[in-house]
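Participant: Got a structure for you, questions after.
The values are calculated or read from the model by the stated rules, or taken from the named source; none is laboratory data. Everything numeric here is computed off the predicted structure, so don't read it as measured data. As a convention, Cβ positions derive from the backbone with ideal geometry for all residues, glycine included, and neighbour counts pool all protein chains shown. The accessibility values were calculated without ligands, DNA or RNA, using every heavy atom of the protein model including side chains. Shrake-Rupley method; radii C 1.70, N 1.55, O 1.52, S 1.80 Å.
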Amino acid sequence: MHAIRAPHVFDGTRFLTGGATVLLDGDRIVDVNSGPWDPPEGVEVTDYGGTILPGLIDCHTHLVADATFGGLERAGAMSDHEVESVITQSLTAHASAGVTTVRDLGDRGYLTLGFRERPGLPRVVAAGPPMTTPGGHCHFLGGVVEGDPGVAVAERAERGVDVVKVMASGGFATPGTDQLGAQFTSEELAAMVDHAHNAGLPIVAHAHSLLGIRNALAAGVDGIEHFTALTLDGPQIDDQLLEEMARRAIYVDLTMGNDRSLHALMPEPPPQFRALAARLGFTTFDEFYVSRISVLGRLRKHGVAVITGVDSGMGPPKRHGNVWRTVGEMVDGGYPVADALAAATSVAAEACGLGAETGRLVKGFSADLLLVDGDVSEDVSLLSKPREVLLRGEKVKAPKPD
Ligand SMILES: [Zn+2]
């Protein structure tokens, strides 16, 4: 057993007044004590002057993508061995950035399932290849559904996935798909939801279009990824939609966390996106991106459960390990620091089905800890420089300041 004492401790839901001592035994947290504390005999206490918090969670990653443009599509054509080497690099980058759990929502060949509990690497919650239509978004990952959608869900359940992912609209990473329209009818989506829930699996929908969001909601999904709500007249997120999301406790992941300094590197967007951007009054992708921060503020106002996913791996602005940036964006969007951190820890863990295992500094939970210098309650950008990362009680090698 050993203990770490710090003046600033965030336990997954709140900052503990006066700090706390976190007692660890192997891979478990065995006590968190915010009062004066005498360690049990023989327990070494390390005094640390900064902030202790649970390891962060990226709820939307593509471990098979290497954070270059087109990397996800290339993964569709790589050998298994090449893909596995990319997965290892992606997970190593996450761990170095203080991410101790990831939810992979776009796999190739179910290869990420073999990485769920690797020593020294973040735990992986895996969806396998996302379900999509023939020629639809990310079809190159091998998840095309032809025929009975229930069979596609059953295949995933048999493979042992932790969550099911469906593409309810087209996507920008797959030219020729309809980002404003729908993939699958609400009846087809409902059949997938029924089969997933009967197998005890949550199901989340990728949706850039308002139509895709509406279909996914009608079908009863557990979470919506991107939540862009595009229509021919631009994004349409009305209060009624937000109220329904809150009432039904559906998790929303806006997939932000971009390194905006790298937006200039983005390839020329396809003509359809340029036309849409012009109609919306945006001239650059960065302007559109910044407008999403005000959506965060509205989600907060309506009490919608927001979680932090980056869509990491999808290009240089979305490197693996960027989830700390989403916490900063939530603060910019009006969230108190503790609520933004909760979205990246305890709430994210619940959304990943791990609400009793990680995301909180509580007795019995996994010893997934992030240590950063300074007081994070005053400055969330401190999260960019992890001092130490513990994964199931083990120190991650060489956490690297950004
Ligand atoms: Zn994605």
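Participant: Identify, by number, the condition in (1) in contact (Cβ under 8 Å) with a residue 60 or more places away in the chain; (2) under 24 Å from Ala340 (Cα atoms); (3) within 16 Å of the ligand (Cβ to nearest atom) that Gln179 doesn't meet.
Facilitator: (2)
Participant: To continue, here is another question. In the stretch 36-74, what residues are open to solvent by 10 Å² or more (accessible area, probe 1.4 Å) and of a type in the set (Asp, Glu)?
Facilitator: Asp38, Glu41, Glu44, Asp47, Asp66, Glu73
Participant: Arg387 versus (1) open to solvent by less than 20 Å² (accessible area, probe 1.4 Å); (2) away from the ligand (no atom under 16 Å from the Cβ): which is the lone unmet condition?
Facilitator: (1)
Participant: Mind telling me which of the residues Gly18, Gly12, Gly50 ends up being touching a Pro at 6+ places or on another chain (Cβ under 7 Å) and under 23 Å from Val372 (Cβ atoms)?
Facilitator: Working: Gly18 fails: touching a Pro at 6+ places or on another chain (Cβ under 7 Å); Gly50 fails: touching a Pro at 6+ places or on another chain (Cβ under 7 Å).
Being touching a Pro at 6+ places or on another chain (Cβ under 7 Å) and under 23 Å from Val372 (Cβ atoms) holds for just one of Gly18, Gly12, Gly50, which is Gly12.
Participant: Only one of (1) under 22 Å from Asn33 (Cα atoms); (2) in contact with a helix residue (DSSP H, G or I) (Cβ under 7 Å, 6 or more places away or on another chain); (3) surrounded by 24 or more Cβ atoms within 10 Å (Cβ to Cβ) is not met by Asp368, so which one is it?
Facilitator: (2)
Participant: Follow-up question, since we're still on this one. Just give me the residues in the stretch 341-358 being open to solvent by less than 10 Å² (accessible area, probe 1.4 Å) and either modelled with pLDDT under 95 or over 15 Å from Ala305 (Cα atoms) (or both), in sequence order.
Facilitator: Listed by number, the list holds a single entry, Thr358.
Participant: Do you know which residues across the stretch 231-244 are touching a residue at least 60 places away in the same chain (Cβ under 8 Å) and aliphatic (A, V, I, L, M)?
Facilitator: Matches in the stretch 231-244: Ile237, Leu242.
Participant: Is it the case that Ala77 is within 15 Å of the ligand (Cβ to nearest atom) and open to solvent by 10 Å² or more (accessible area, probe 1.4 Å)? Can you show your working first?
Facilitator: Working: within 15 Å of the ligand (Cβ to nearest atom): no; open to solvent by 10 Å² or more (accessible area, probe 1.4 Å): yes.
Criteria not met by Ala77.
Participant: Condition first: open to solvent by 10 Å² or more (accessible area, probe 1.4 Å), within 16 Å of the ligand (Cβ to nearest atom) and closer than 12 Å to Gly313 by Cβ. Can you find one or more residues in the stretch 90-103 that meet it? Please lay out each step first, then the result.
Facilitator: Residues of the stretch 90-103 that are open to solvent by 10 Å² or more (accessible area, probe 1.4 Å), as a first pass: 92-93, 96-97.
Applying the additional criterion that residues be within 16 Å of the ligand (Cβ to nearest atom) yields none.
No, because not a single residue in the stretch 90-103 is open to solvent by 10 Å² or more (accessible area, probe 1.4 Å), within 16 Å of the ligand (Cβ to nearest atom) and closer than 12 Å to Gly313 by Cβ.
Participant: Which strands (runs of 3 or more DSSP E) sit wholly inside the stretch 1-97 and have at least 3 residues that are within 30 Å of Ala126 (Cβ to Cβ), touching a residue at least 12 places away in the same chain (Cβ under 8 Å) and under 24 Å from the mean Cα position of the chain (by Cα)?
Facilitator: The strands (runs of 3 or more DSSP E) meeting that bar are 51-54, 56-61.
Participant: Could you please let me know if Val380 is in the same structural domain as Arg248 (by TED's automatic domain parsing) and among the hydrophobic types (A, V, I, L, M, F, W, C)?
Facilitator: Values: in the same structural domain as Arg248 (by TED's automatic domain parsing): no; among the hydrophobic types (A, V, I, L, M, F, W, C): yes.
So Val380 does not fit the description; no.
Participant: OK, next. Would you be able to say whether some residue in the stretch 320-333 is within 16 Å of the ligand (Cβ to nearest atom) and open to solvent by 20 Å² or more (accessible area, probe 1.4 Å)?
Facilitator: Within the stretch 320-333, one or more residues are within 16 Å of the ligand (Cβ to nearest atom) and open to solvent by 20 Å² or more (accessible area, probe 1.4 Å).
Participant: Against the definition (among the aliphatic types (A, V, I, L, M), touching a residue at least 24 places away in the same chain (Cβ under 8 Å) and in contact with a Pro (Cβ under 6 Å, 6 or more places away or on another chain)), how does Leu361 come out, yes or no? Working first, answer last.
Facilitator: On the way: among the aliphatic types (A, V, I, L, M): yes; touching a residue at least 24 places away in the same chain (Cβ under 8 Å): yes; in contact with a Pro (Cβ under 6 Å, 6 or more places away or on another chain): yes.
The answer is yes for Leu361.
Participant: Would you please name the residue that is nearest to the ligand (Cβ to nearest atom), looking only at residues in the stretch 139-168 that are part of a loop (DSSP other than H, G, I, E, B) and over 26 Å from Ala349 (Cα atoms)?
Facilitator: Of all residues in the stretch 139-168, those part of a loop (DSSP other than H, G, I, E, B) come to 142-143, 145-148, 160-163, 168.
Next, from what is left, pick out any that are over 26 Å from Ala349 (Cα atoms): 142, 145-148.
Details: Gly142: 15, Val145: 17, Glu146: 22, Gly147: 25, Asp148: 25 Å.
Filtering first and then ranking leaves Gly142.
Participant: Taking Ala338 as meeting all but one of (1) outside any helix (DSSP H, G or I); (2) open to solvent by 10 Å² or more (accessible area, probe 1.4 Å), write down the number of the exception.
Facilitator: In the conditions (1) outside any helix (DSSP H, G or I); (2) open to solvent by 10 Å² or more (accessible area, probe 1.4 Å), Ala338 misses (1) alone.
Participant: So in the stretch 230-262, with the set limited to residues that are away from the ligand (no atom under 16 Å from the Cβ) and of a type in the set (S, T, N, Q), which one is nearest to the chain's Cα centre (by Cα)?
Facilitator: Result: Ser261.
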